[in-house]
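A short reminder: the numbers here are calculations on the coordinates, not readings from a lab. Worth saying up front: this structure is predicted, and the values here are computed from it rather than measured. We place every Cβ from the backbone using ideal geometry, glycine too, and count neighbours over all the protein chains shown.
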Amino acid sequence: MRVLDKLAPADAWPAEWESLASRCAGAATFVSRPWVAAWVQAYARTCPLRAIELRVSGRLAGAMWLYRHNDHPQGPRWLSVGSGNSDRLDPLLDADLAERVSRPLIDVLAELSADAPVELQQVTTDSVFARTAMRDARCTIAEHEPCLMLDLRGVQNAHELLKKGMRYDLRRSRKAIEEHACIIEEAGPETVDGLIDALIELHTARWRARGEAGVLSDRATCDMHRAVARATVGKGLVLRALRCDSTIVACVYGFRSNGIESCYLNGFDPEWSWLQPGKLMLADSIDRAIAAGIRRLDMLRGREEYKYRWPVIEEPCVRIEIGSNDEEAGRSLDHR
């Protein structure tokens with residue numbers, strides 16, 4: 001096990017990172033090389049970084065990235081790379097070796113906490129790593145926002161997941177897009193830049209109409225998503241646009257990884273709200289995911305009302321802190 005401070009994410013573990021992710025239980029795009037590299041470039045380019053590398057018999061069995069956040073309100077902290085605008089930040093641990101390497105990983109994090117407390121956000125509660133941390137007195141466990149998941153196993157199409165009234169609304173919306181010669185187009189190498197820009201524009205315009213900035217209001221974040229989209233097109237990127245009368249009126253943006261599709265962001269033109277483009281695009285995503293053999297659709301964290309129109313399952317997540325003296329953060333879950 002090694003802690004590295006001279007390893008850029010874009011250059012880390014060639015040919016091993018993706019292989020490790022494929023062996024991890026439910027590893028999300030938020031711990032993939034494209035996401036981590038783009039996130040660091042956008043937000044932590046000048047921050048101290050630490051890459052933790054775990055090997056068993058020479059094989060990469062675990063990995064995670066931390067950055068030192070010196071402007072944290074409670075003093076300097078080591079945070080998971082991706083903290084803030086990423087979900088499901090579980091350490092990458094080979095599923096067959098997770099029980100073996102979780103405790104040594106916590107040992108390394110405890111050593112690192114001598115410099116500054118370690119805070120790991122959005123760790124899946126039922127993961128091997130979280131369960132190990134819950135049994136370790138050095139770890140403080142606090143509830144974090146749950147992720148909302150749709151189970152697609154045994155489902156034939158999106159209509160099966162909706163109540164009767166919503167099924168009628170969806171049929172009406174689909175009929176309307178036929179009348180307006182609407183098409184749903186998917187991003188490819190030649191169109192990815194245009195579609196990610198359309199998403200940014202639609203999402204930002206919608207939030208400005210509410211008098212709020214939205215999550216795509218700064219240049220660094222927009223540049224990050226452009227970089228991620230370019231790096232993942234054809235490799236798990238889900239970026240689609242609804243074009244009506246030659247105008248893009250809605251976009252969805254997410255990723256596929258390990259049999260799971262994550263719905264990260266969407267945007268639509270308020271003038272087309274009568275079409276219910278959000279519901280329309282989500283239903284289309286579900287149908288495409290089912291056709292592709294995707295087992296679960298992850299709506300990620302956030303308890304927005306529209307998500308609960310579908311039969312979602314709340315999957316709890318936790319925040320794990322090591323070396324923190326913050327009493328407020330010490331509200332622990334039952335470790336039994």
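Looking at the stretch 15-93, the trypsin sites (Lys or Arg not before Pro) that sit in a DSSP loop and have at most 13 other Cβ atoms within 10 Å of their own Cβ are R45. Qualifying trypsin sites (Lys or Arg not before Pro) in the stretch 174-230, where qualification requires a DSSP coil assignment and no more than 11 other C-beta atoms within 10 Å, comprise R210. P(r) tail for the stretch 174-238: Cα pairs beyond 14 Å make up 65% of the total. Around the Cα centre of the stretch 137-276, unit charges on the Cβ atoms of Lys, Arg, Asp and Glu (plus for the first two, minus for the last two) sum to a dipole of about 440 debye.
Converting the Cα gyration tensor eigenvalues of the stretch 154-294 into ellipsoid dimensions via √(5λ) gives semi-axes, longest first, of 24, 20, 14 Å. For the chain, the mean residue ellipticity at 222 nm estimated from helices alone is -9500 deg cm²/dmol, where every DSSP H run of n ≥ 4 contributes -39500 (n - 2.57) and the total is divided by all residues, rounded to the nearest 500. Average projection, convex hull of the Cα set of the chain: 18.0 square nanometres. Of the chymotrypsin sites (Phe, Trp or Tyr not before Pro) found in the stretch 32-78, not one falls in a DSSP loop while having at most 15 other beta-carbon atoms within 10 Å. Farthest toward the positive end of the dipole of the stretch 32-116, out of P73, A44, L60, is the Cα of A44, where the dipole comes from beta carbon charges about the Cα centre.
Which semi-axis lengths, in whole Å and largest first, follow from the square roots of five times the eigenvalues of the Cα gyration tensor of the stretch 206-282? Please list the in-between numbers first.
On the way: eigenvalues 97, 61, 26 Å².
The three semi-axes for the stretch 206-282 are 22, 17, 11 Å.
Among the lysines in the chain, how many pairs, 8 or more places apart or on different chains, have alpha carbons under 15 Å apart? Let's see the in-between values first.
Values: K163/K279; K163/K307; K164/K279; K175/K279; K279/K307.
Here the count comes out as 5.
Rounded to the nearest 20, the size of the Cβ-charge dipole of the chain about its Cα centre is 600 debye, with Lys and Arg at +1 and Asp and Glu at -1.
Reducing the stretch 5-31 and the stretch 197-261 to their Cα centroids gives an inter-centroid distance of 24 Å. For the chain, the Cys residues with no second cysteine's beta carbon closer than 4.7 Å are C24, C47, C139, C147, C222, C251, C263, C317. Scaled against 2.2 N^0.38 Å for its residue count N, the alpha carbon radius of gyration of the stretch 72-128 is 1.21. Its Cα gyration tensor gives the stretch 11-120 an equivalent ellipsoid. The semi-axes, each the square root of 5 times an eigenvalue, are 23, 17, 12 Å from largest down.
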